[in-house]
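Below: one structure, written as structure tokens.
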Amino acid sequence: MGTPWDRAAEGYLEEWVPRFVPYHLDLVREMAMHPGDRVLVASAGPGAEVLAVARAVGDTGAVRATDKSVEMVRICREQTDRARLATPVECAVADASDAAGGPWDAVLCAFGLWQVPSRTDMLRAWAGALAPKGKVGLITWGPSDPGEPFELLTACLHELEPSLAVPDPHVHAERDAMASMFEEAGLAMVRHTLVRHTLAFPSAEAFVRAMREACTWRRIWEDVGDARMQRVTARFCERVGGPSAPLSFEPTATIAIAALPGAEVELQHRPSVRAPG
């Protein structure tokens with residue numbers, strides 16, 4: 001049957017990737033990559049950010065895209081092949097901390113940080129594989145808003161199924177917390193910014209159907225079963241105005257970029273930034 005991410009891959013590509021692409025593009029632009037750069041994309045999923053990175057580094061650059069899910073990697077390879085990119089792109093099944101193939105001019109990870117149990121070890125591995133002017137770029141959900149549909153659905157699940165443990169996709173994304181995380185791994189933060197984009201769904205029911213195609217919620221659905229999850233769905237729909245109520249919201253994400261201490265790097269709109277030494 002594969003992992004939950006394997007089973008969710010096709011639905012995730014259809015339901016969530018188009019909605020998350022604007023966030024991916026924000027991260028790629030902030031990283032200010034150039035033709036010829038060599039880039040590692042960790043936890044790449046089906047590869048939306050991989051396509052943007054490959055176009056940024058051109059045919060003289062190189063990209064390695066990794067993910068732990070075999071099915072996600074298959075789709076990523078399929079997507080890059082279909083795009084007929086001139087850039088050499090390697091798609092490989094690997095842990096997020098696998099930085100093989102460096103030195104890298106950039107290491108990116110979009111919305112994968114919350115799944116990593118030892119972030120310090122992962123960041124240390126990336127730091128050890130950076131080129132002297134290389135950068136690490138992350139985008140992660142947060143700070144969270146209790147009124148967002150994501151949070152409301154989770155709250156309804158907790159009320160009706162209190163014994164279930166639901167992983168939180170948010171991390172401590174505040175400036176000081178991110179700076180400390182990088183520092184512990186031997187990196188220095190050079191950029192911390194918040195971004196928002198509109199996510200729109202024609203109805204509350206459509207939102208729940210899309211959530212079922214996300215890895216965490218697919219696993220929950222499989223564990224709990226349709227009958228009990230219908231109760232959760234009904235309560236959620238009551239909270240947001242009914243099953244037919246359209247939903248539109250702007251979840252906050254945090255972009256954080258770091259470099260080796262003392263390194264001089266380039267960011268969007270800033271051709272020279274020196275990382276704290």
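The values are calculated or read from the model by the stated rules, or taken from the named source; none is laboratory data. All of these numbers come straight from a predicted model, not from anything done at the bench. Positions of Cβ are backbone-derived with ideal geometry, glycine not excepted, and every protein chain shown enters the neighbour counts.
Quick notes
- Number of positions in the stretch 132-185 that are small (Gly, Ala, Ser), closer than 30 Å to TRP221 by Cα and over 18 Å from the mean Cα position of the chain (by Cα): 4
- Meets criteria (out of contact with any Leu (no Cβ under 6 Å at 6 or more places or on another chain) and modelled with pLDDT of 95 or more) for GLU222: no
- Any hit, the stretch 64-74, residues being at pLDDT 95 or above, touching a Phe, Trp or Tyr at 6+ places or on another chain (Cβ under 9 Å), basic (Lys, Arg) and not in a loop (DSSP other than H, G, I, E, B): yes
- Residue identified as modelled with pLDDT of 95 or more, over 30 Å from SER118 (Cα atoms) and under 24 Å from the mean Cα position of the chain (by Cα) among ALA188, ALA200: ALA200
- Conditions (1) out of contact with any Lys or Arg (no Cβ under 8 Å at 6 or more places or on another chain); (2) surrounded by fewer than 24 Cβ atoms within 10 Å (Cβ to Cβ); (3) modelled with pLDDT of 95 or more: number failed by GLU30: (1)
- The listed residue being under 26 Å from ALA32 (Cβ atoms), surrounded by fewer than 16 Cβ atoms within 10 Å (Cβ to Cβ) and at pLDDT below 95, out of PRO167, PRO132, PRO143: PRO143
- Test: ARG235 is farther than 18 Å from CYS109 by Cβ and out of contact with any strand residue (DSSP E or B) (no Cβ under 9 Å at 6 or more places or on another chain): yes
- Selection status of ALA155, of a type outside the set (Phe, Trp, Tyr) and assigned to a helix (DSSP H, G or I): yes
- Of the residues LEU25, LEU13, the single one that is touching a Pro at 6+ places or on another chain (Cβ under 7 Å) and either part of a helix (DSSP H, G or I) or closer than 17 Å to ASP81 by Cα (or both) is LEU13.
- Qualifying residues in the stretch 58-100 (those that are free of Cβ contacts under 8 Å to residues at least 60 places away in the same chain, closer than 17 Å to ALA42 by Cβ and of a type in the set (Val, Ile, Thr)) - the one surrounded by the fewest Cβ atoms within 10 Å (Cβ to Cβ): VAL93
- Restricting attention to the stretch 181-205, the residues that are without any contact (Cβ under 8 Å) to a residue 40 or more places away in the chain and either touching a Phe, Trp or Tyr at 6+ places or on another chain (Cβ under 9 Å) or closer than 26 Å to GLU148 by Cβ (or both) add up to 1.
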